[in-house]
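Have a look at the structure below, then the notes.
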């Protein structure tokens, strides 16, 4: 059973998502997050370090944070397991969840990303379940 506190992270604007290197060292990254049913979802470009790390170790830790990744000292740590969703139709459907939550901000972000150095970068979604 997924805890209500874990699912409440989906109401945050940003969380610090920690993924783990092969040597066990955690790498925190601020990310947008949304809720879909009993899971949390994160969006990320396909070529990011977090995707590479998750291919080796699916463990993650989540903490509420601000846009820059700053976490309050008393913010609880939630442990979970992430799976990478690469299927374009599923990624598109989950993108609608982010659009509904973040609205214009999400559209602007994607527009800026398309004009950046990566052009129209392929995006993946991460589905996170509580461990």
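So which residues in region 71-81 are in contact with a helix residue (DSSP H, G or I) (Cβ under 8 Å, 6 or more places away or on another chain) and either exposed (fewer than 11 other Cβ atoms within 10 Å of the Cβ) or over 12 Å from residue 15 (Cα atoms) (or both), if there are any at all?
The first filter runs over region 71-81 and keeps only residues in contact with a helix residue (DSSP H, G or I) (Cβ under 8 Å, 6 or more places away or on another chain), leaving 76, 78, 80.
80 - this is the single residue of region 71-81 that is in contact with a helix residue (DSSP H, G or I) (Cβ under 8 Å, 6 or more places away or on another chain) and either exposed (fewer than 11 other Cβ atoms within 10 Å of the Cβ) or over 12 Å from residue 15 (Cα atoms) (or both).
If a residue must be crowded, with 18+ Cβ neighbours inside 10 Å and farther than 20 Å from residue 22 by Cα, how many such residues does region 45-70 contain?
Residues in region 45-70 being crowded, with 18+ Cβ neighbours inside 10 Å and farther than 20 Å from residue 22 by Cα: 3 in total.
May I ask you to verify whether residue 10 is surrounded by 17 or more Cβ atoms within 10 Å (Cβ to Cβ), at pLDDT 95 or above and closer than 16 Å to residue 79 by Cα?
The answer is yes for residue 10.
Residue-wise test of (1) modelled with pLDDT of 95 or more; (2) farther than 23 Å from residue 3 by Cα.
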{"position": "23", "(1), (2)": "yes, yes"}
{"position": "82", "(1), (2)": "yes, no"}
{"position": "86", "(1), (2)": "yes, yes"}
{"position": "115", "(1), (2)": "no, yes"}
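Look at residue 36 and say whether it is within 15 Å of the chain's Cα centre (by Cα) and at negative phi.
Yes: the conditions hold for residue 36.
The values are calculated or read from the model by the stated rules, or taken from the named source; none is laboratory data. Keep in mind that this is a model prediction, so the values were computed, not measured. Please note: Cβ atoms are built from the backbone with ideal geometry, for glycine as well, and neighbour counts cover all protein chains shown.
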